[in-house]
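The values are calculated or read from the model by the stated rules, or taken from the named source; none is laboratory data. Please read these numbers as outputs of a predicted model, since none were measured by experiment. As a convention, Cβ positions derive from the backbone with ideal geometry for all residues, glycine included, and neighbour counts pool all protein chains shown.
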Amino acid sequence: MSASVLSTSASFSVSGTPASWPQVPRRIASRLAGISESELDYRAKLVLAPMVRCGTLPMRMLALQHGAGIVYSPETIDRRLVRSNRVENVVANTIDFIDSDDGTLNLRVHASEKSRLVIQIGSSDPENAVKAALKVANDCAGIDLNCGCPKKFSIVSAMGAALLSEPDRLCGILTALVENVPLPISAKIRMLETTEKTIELAKRIEKTGVSALGLHCRLRSERPQDPGHWEIFEPVATALKIPLIANGDIFSLDDVEKLKKIAPSVSSFMMARAPESNFSIFNRNGPISPTAAIIEYAKAAVKYDMHFHNCKYVLMQMWPASQKRNNTKNKPLSSAPPRLNPNETHQNEEKEVELPPITNLSKSKSFRELCTFIPGLTEVLDVCETERAEKSAALGKLDLARKESAAELGPECPYVPKEDIMYQVKRSSAGLVDIDRNTCGDVTVGEEDSNCAAPVDEQKNERKKQKPSD
Ligand SMILES: Cc1cc2nc3c(=O)[nH]c(=O)nc-3n(C[C@H](O)[C@H](O)[C@H](O)COP(=O)(O)O)c2cc1C
């Protein structure tokens, strides 16, 4: 038997795996496909929630350094991953999934996060979901299906929260993932109108064989500023055998302790807006100051060679002036939650400095400009630029690499270093490569554009191509 077990030529039905596919135990399938096995344990973890735009590589790495046990990637739409090429970026030392259509960076991951990284996909179709998951399966520890995004872009494409009203489709995608992807699979849902309905759906999802369920305690119709419903967690958690990951309105480790008392059967705790403001919220010794977090973030963005505009967007959310704007109705979002032990200073903490008004940040157009008000950034930028120039020069001698890279990357890739000689394309082992370029379909959104804020043109395209499901 060959790696074609995991090829994607067979046709799927909404109810799950195509009958034509042989049933191969997951361990054997993973070996055949050259995918390393993952034993991701979803219990007793603080989890960085999936966040388009914000949950890119620097945020995930920093969250892990500061105590997160699992980090989720931003949602990436299945077809965007399917048509991506996996590229080892030997200059930035990352693994990049580059869109074969336009050369944009759809996802960037780092080998050191692999054992704790869950990649979230947006999908309305079992076949595309499996293809997308297999594309990234060697670079993460688990795959999550987004079943909660209420944005129009997702709904018209029958993805995200639209799946909540189509449980057959939802469970069909999960079944296909469980049967064909040799990694733990999870789903992230929102609660339904009643506790009974939520439990019913959760149990159906559990039956597909998923390893965990994330539950955002809001209805599809509710917005972030509406109070979450923590009371949903305990009855759902007790109805399930798999770990339940609670999500919604958890803004500090104090909140985690409070929620543990209200919902003792919950396994793990997922946060989004709190780490969006300060990724060190997971730190058992208390978070570092907002200023120190901003400085660390900017340095990490340079280190991982992120696109400046992505970095600037995240810094805008972290800047102290943004915190008031982010307040929720029921709970003010604390930009600088008190330390658990006020005498303890975090070892990485920078000396407190005064940050300029946010307008200075919004006007800046490059990392160099940020150096004028982010202490220590100049040194990091200088070192990184020198290292990259040296590596590029060394790689430049490899004519073969240059040709291959130019062919793979396309003309413009906004996230990655400009010189195409910076890449050596390394094809991974059988199975992952075979599924390249099969169904390069519609324009969808990826890490930078996000499903939640898809450019208007893309949304229009998507609507023309997809029929609304509800
Ligand atoms: C900037 C931002 C981006 C988000 N992107 C995603 C996403 O890609 N996938 C997803 O399932 N949820 C996404 N969410 C929702 C969060 O994961 C989470 O469910 C929600 O914010 C509630 O958690 P919180 O109260 O801790 O913020 C996003 C939220 C924010 C604030």
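Inspection of region 174-183 identifies no residue that is under 17 Å from M270 (Cβ atoms), at pLDDT 95 or above and not in a helix (DSSP H, G or I). Restricting attention to region 269-318 and to residues that are away from the ligand (no atom under 15 Å from the Cβ) and aromatic (F, W, Y), the residue that is surrounded by the most Cβ atoms within 10 Å (Cβ to Cβ) turns out to be Y304. Evaluation of E39 against the conditions (1) more than 16 Å from the ligand (Cβ to nearest atom); (2) over 17 Å from S186 (Cβ atoms); (3) modelled with pLDDT under 95 shows that the sole unmet condition is (2). Considering the conditions (1) within 13 Å of the ligand (Cβ to nearest atom); (2) assigned to a helix (DSSP H, G or I); (3) surrounded by 22 or more Cβ atoms within 10 Å (Cβ to Cβ), I245 is excluded by exactly one of them, (2). Across region 137-151, the number of residues qualifying as crowded, with 24+ Cβ neighbours inside 10 Å, farther than 25 Å from G67 by Cβ and either within 16 Å of the ligand (Cβ to nearest atom) or without any contact (Cβ under 8 Å) to a residue 40 or more places away in the chain (or both) comes to 3.
Can you confirm whether D226 is acidic (D, E), within 13 Å of the ligand (Cβ to nearest atom) and either more than 19 Å from A263 (Cα to Cα) or modelled with pLDDT under 95 (or both)? For D226, the condition - acidic (D, E), within 13 Å of the ligand (Cβ to nearest atom) and either more than 19 Å from A263 (Cα to Cα) or modelled with pLDDT under 95 (or both) - is met. Look at region 111-123: where a residue is touching a residue at least 40 places away in the same chain (Cβ under 8 Å) and a partner is in a strand (DSSP E or B) and small (G, A, S), sitting 6+ places away or on another chain with Cβ atoms under 8 Å, you get L117/G142; V118/G142; V118/S186; I119/G142.
A Cβ distance below 9 Å, combined with a sequence gap of six or more or placement on separate chains, defines the contacts here; from region 366-384, residues that are at negative phi and assigned to a helix (DSSP H, G or I) reach residues that are among the polar types (S, T, N, Q) and modelled with pLDDT of 95 or more in the pairs R368/T378. Filtering region 200-234 to residues that are farther than 17 Å from P150 by Cβ and surrounded by 18 or more Cβ atoms within 10 Å (Cβ to Cβ) leaves A202, I205, E206, T208, V210, S211, A212, L213, W230, F233, E234. All but one of (1) touching a Phe, Trp or Tyr at 6+ places or on another chain (Cβ under 6 Å); (2) part of a loop (DSSP other than H, G, I, E, B); (3) of a type outside the set (K, R) hold for Q225, so report the exception by its number. Every listed condition holds for Q225 apart from (1). In region 52-129, counting only strands (runs of 3 or more DSSP E) that sit wholly within it, the ones holding 2 or more residues that are within 11 Å of the chain's Cα centre (by Cα) span 70-72, 105-109, 117-122.
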